Amino acid sequence: RSSRCRIIVANHHTIFDGFILWWVCGATTASKIEVKKIPIGGRIANAFQTVWIDRFTHDGRMDAIEQILQHANNPALPPLLIFPQGVCSSIGTITTFKKGAFLA
């Protein structure tokens, strides 16, 4: 088993966090599926092997858990960057963490 980091967990304050950590760590991200609809951002995220998460359906959340576990267990893939709050939080408070980052 590789000793290389498989999951990176970080706080999310700006829209630039994912890009900065991708640049520094070479990680791909887990992202809400709504980002896929952003004209340029969605295409860029697809190119970066983003793990898409449908937060609004039970099946989507269960699929996200499975994708995260598969990604974490595949050393051929880059590390996976997860923001456990699930959203940008610039109001200075911590919102509820989603469990996906802590399953792997």
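The values are calculated or read from the model by the stated rules, or taken from the named source; none is laboratory data. The structure presented is a predicted model; accordingly, all values stated were derived computationally and were not measured. Glycine gets a Cβ as well: all are built from the backbone with ideal geometry, and neighbour counts include every protein chain shown. Ligands, DNA and RNA are stripped out before the accessible areas are found, and what is left, the full protein with its side chains, is counted by its heavy atoms. Shrake-Rupley method; radii C 1.70, N 1.55, O 1.52, S 1.80 Å.
Consider only pairs whose beta carbons are under 6 Å apart and that are at least six residues apart or on different chains; among these, list those whose first residue lies in the stretch 47-63 and is touching a residue at least 40 places away in the same chain (Cβ under 8 Å) and under 15 Å from Lys37 (Cα atoms) and whose second residue is hydrophobic (A, V, I, L, M, F, W, C) and surrounded by 15 or more Cβ atoms within 10 Å (Cβ to Cβ).
Ile53/Ala30; Ile53/Ala64
Identify all residues within the stretch 44-59 that are open to solvent by 30 Å² or more (accessible area, probe 1.4 Å) and polar (S, T, N, Q); write none if there are none.
Selection gives Asn46, Gln49, Thr57.
Inside the stretch 1-13, can you point out the residues that are open to solvent by 60 Å² or more (accessible area, probe 1.4 Å) and outside any strand (DSSP E or B)?
Answer for the stretch 1-13, where residues must be open to solvent by 60 Å² or more (accessible area, probe 1.4 Å) and outside any strand (DSSP E or B): Arg1, Ser2, Ser3, Arg4, Cys5, Asn11, His13.
Does the stretch 23-32 include one or more residues that are of a type in the set (Phe, Trp, Tyr), under 12 Å from the mean Cα position of the chain (by Cα) and not in a loop (DSSP other than H, G, I, E, B)?
No.
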